[in-house]
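In what follows, a single structure is set out as structure tokens and then discussed.
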Amino acid sequence: MHRKAELAVPAAMAVRPRSSRMPAQLDVLQSATGVVLALFMWGHMFFVASILVSKDFMWAVTRMFEGYFFFGRSYPGVVSTLVGGILLLFVAHAALAMRKFPANYQQYRLFMSHRAAMRHEDTSLWVVQIATGFALFFLVSIHLYQMLMHPGDIGPYASSDRVWSGRWWPLYLVMLFCVELHGGIGLSRVAAKWGWFASATARQTRRRLKLLKWGVTAFLLALGLTTLAAYMKIGHEHAAQAGERYTPEQYRSVTP
Amino acid sequence: MIESPVALPAENQTPRRLRITVLRYNPAVPEQLPRLQTYELDEAVGMTLFIALGEIRETQDPSLQFDFVCRAGICGSCAMVINGRPGLACRTLTTQLPETIALAPLPGFALIGDLSVDTGKWMRAMSERVESWLHSHDVEVDLDRAEARMEPELAEAIYELDRCIECGCCVAACGTARMREDFVGAVAVNKLARFRLDPRDQRDDADYYEVIGDDDGIFGCMTLLACDDVCPKNLPLMTQLAYMRRKMAAVGWRGSDGANHS
């Protein structure tokens, strides 16, 4: 460690140019963008999981996001706008979080040997967070570009055809694990970082956060895998008619 | 006699044969390359690592270097890496460890030789960097005047953080500090949290921001929390890091000039 400066008088007593406020703001923004994205992903999971209730229900959720129940017709542009906002947040979060990545091989090697010697859960989970974060740079970019350009291709058949006939399921499968691990570890780290959900003792806080983190991650992974399997099954059964859109039960009598 | 909470080997039991491997290197003798040396000895009742090392030095190898002063977890001299994790040799009972024990000097500090490191040099630089002393506007101190009174609860709270023995375990356990040697470490943040509580320290948050408000300071902390897990004094490091982070983040967003003392 190096001394910052040689000072003849105590620093706090002297007049000097003040330090930049930027590090504080970047730190808060990193946590804030992460939390918003993680909460969005919770919501996203429940919306896509609507297929587990029924095709009609998933159709209704999709139409809701396209403004169908507000304007009387669908505007997929609404979805694109939302995707655009998430894309901006995602890029901002990636840029902010990249500051924490090992900057060179030496730093990488130091951290990895430290991790191996320590056998310490939170230290090891940081490596998982870095690895999944790195993978998400690419996985999320592909997914969001597709959604940005084809916002209308969401629905019980449209999504299933994309997952199965469009061969998107391998991407979604890898992305599911990366997102849930990254988000779960990240949220609990943010809570510890800012002292949220503090219990009577720090040890108790740690124990509760850990329990909550793994509980939520396990639940979302299970829900995500079941949901993906449902889309794959529907996509497989609908492969012969891939491209055809779903018509909800109540409209079938009037739509030929 | 006070009953020990730790299970001790019965008197009539055959003692375990401990194998202690030490990473040895003396920077003053650079022609002797770093090497691992294994010592064997019988475990004794109530044996700490410090006692084991002392026995090795007395009976097997007088050249083995390690530090100790108090033998009671107060001086912080005997911190070392024990089976991969930093800890105090004098506070580690061999019964808590497997038969094979690997010891290494604390990383991040200047090596004196074998298990002995110069934490003092690092700690002094840290203290000067974050100015871990009382800052007062009163240039003249009246030594005849009675000290200002302090509520016992506040004195207790300050004392709680003042229990730090500067052993260096939190720094050696910190992945951030390992990667980025300029990172200030939990020990420094805990010190500033202590001075922030103290009404005799007349610095405000903007002043503290000047010394830890950057990516080598509180915002460099990645909340890996190993510091909190290894601290031999069980200091509330996670709580203090979060506390100072909130205070320093507030300075960063307030946008005021921080009103430096002048």
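Results, tabulated for the structure shown:
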quantity: Overall Cα dimensions of the protein assembly as shown - principal axes, largest extent first, Å; calculated: 95, 67, 50
quantity: Helix axis angle, A:105-118 relative to chain A longest principal axis, alpha carbon, degrees; calculated: 90 degrees
quantity: Part-to-part distance (alpha-carbon centres) for the range B:46-112 and the range B:136-162, which is given in Å; calculated: 37 Å
quantity: Value of [θ]222 nm, deg cm²/dmol, for chain B, DSSP H segments ≥ 4, -39500 (n - 2.57) each, nearest 500; calculated: -9500 deg cm²/dmol
quantity: Positive-pole candidate from A:Ile51, A:Thr123, A:Gly77, dipole of the range A:29-241, charges at beta carbon; calculated: A:Thr123
quantity: In degrees, nearest ten, helix B:119-130 long axis to first principal axis of chain B (Cα); calculated: 10 degrees
quantity: Interface B:A - total buried accessible surface [probe 1.4 Å, Å², rounded to 100]; calculated: 4800 Å²
quantity: Magnitude of the charge dipole, the range A:9-168, Cβ model with Lys/Arg +1 and Asp/Glu -1, debye to 20; calculated: 540 debye
quantity: Carbon + sulfur, % of accessible area of the range A:29-241 - ligands and nucleic acids excluded, 1.4 Å; calculated: 72 percent
quantity: Proximal lysines to A:Lys233, defined as alpha-carbon separation beneath 23 angstrom and excluding residues fewer than eight positions away on the same chain; calculated: A:Lys55
quantity: A:Met98, A:Met58, reordered so the largest accessible area comes first (probe 1.4 Å); calculated: A:Met98, A:Met58
quantity: Chain B, accessible surface, carbon-and-sulfur percent (1.4 angstrom probe); calculated: 52 percent
quantity: Average accessible surface area per residue within the range A:29-241, 1.4 Å rolling probe, Å²; calculated: 50 Å²
quantity: Spatially proximal lysines relative to B:Lys121 (Cα-Cα < 27 Å; intrachain offsets below 8 disregarded); calculated: A:Lys4, B:Lys191, B:Lys233
quantity: Listed residues B:Gly252, A:Val91, B:Ala146: farthest to the positive end of the dipole of the protein assembly as shown (Cβ charges); calculated: A:Val91
quantity: Orphan Cys of chain B, criterion: no other Cys C-beta under 4.7 Å; calculated: B:Cys78, B:Cys90, B:Cys164, B:Cys167, B:Cys169, B:Cys174, B:Cys221, B:Cys231
quantity: Length-normalised contact order for the range B:76-192 - Cα pairs under 8 Å, 6+ apart - percent; calculated: 29 percent
quantity: Distance from the range A:178-256 to the range A:101-120 (C-alpha centre basis), Å; calculated: 31 Å
quantity: Computed magnitude of the charge dipole of chain B (debye, nearest 20; Cβ of K, R +1, Cβ of D, E -1); calculated: 760 debye
quantity: Spin-label pair A:Leu211/A:Gln241, simplified geometry with 7 Å Cα→Cβ offset, distance in nm; calculated: 4.9 nm
quantity: Over chain A: helical MRE at 222 nm, DSSP H runs n ≥ 4 each giving -39500 (n - 2.57), nearest 500; calculated: -24000 deg cm²/dmol
quantity: Among B:Leu235, B:Ile20, B:Val184 the positive-end extreme of the charge dipole of chain B (Cβ point charges); calculated: B:Ile20
quantity: Accessible surface ranking that places the most exposed of A:Phe101, A:Phe197 first, with a 1.4 angstrom probe; calculated: A:Phe197, A:Phe101
quantity: Residue-count net charge about A:Gly72 - beta-carbon cut-off 15 Å; Lys, Arg +1, Asp, Glu -1; calculated: +1
quantity: Nearby aspartates and glutamates by direct alpha-carbon distance to A:Lys193 (threshold 19 angstrom, same-chain neighbours under 8 apart not counted); calculated: A:Asp27, A:Glu121, A:Asp122, B:Asp205, B:Asp214, B:Asp215, B:Asp216, B:Asp228, B:Asp229
quantity: Magnitude of the charge dipole, the protein assembly as shown, Cβ model with Lys/Arg +1 and Asp/Glu -1, debye to 20; calculated: 1580 debye
quantity: Under DSSP loop assignment and at most 11 Cβ neighbours within 10 Å, longest GluC sites (Glu not before Pro)-free interval of chain A; calculated: A:7-243
quantity: Accessible area in the full protein assembly, largest first, 1.4 Å probe, for B:Tyr208, A:Tyr75, B:Tyr159; calculated: B:Tyr159, A:Tyr75, B:Tyr208
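The values are calculated or read from the model by the stated rules, or taken from the named source; none is laboratory data. Predicted model only: the values in this text are computed from it and were never measured. Backbone-built Cβ (ideal geometry, glycine too); neighbour counts: all protein chains shown. When the accessible area is computed, the model is the full protein with side chains, heavy atoms only, and any ligands, DNA or RNA have been set aside. Shrake-Rupley method; radii C 1.70, N 1.55, O 1.52, S 1.80 Å.
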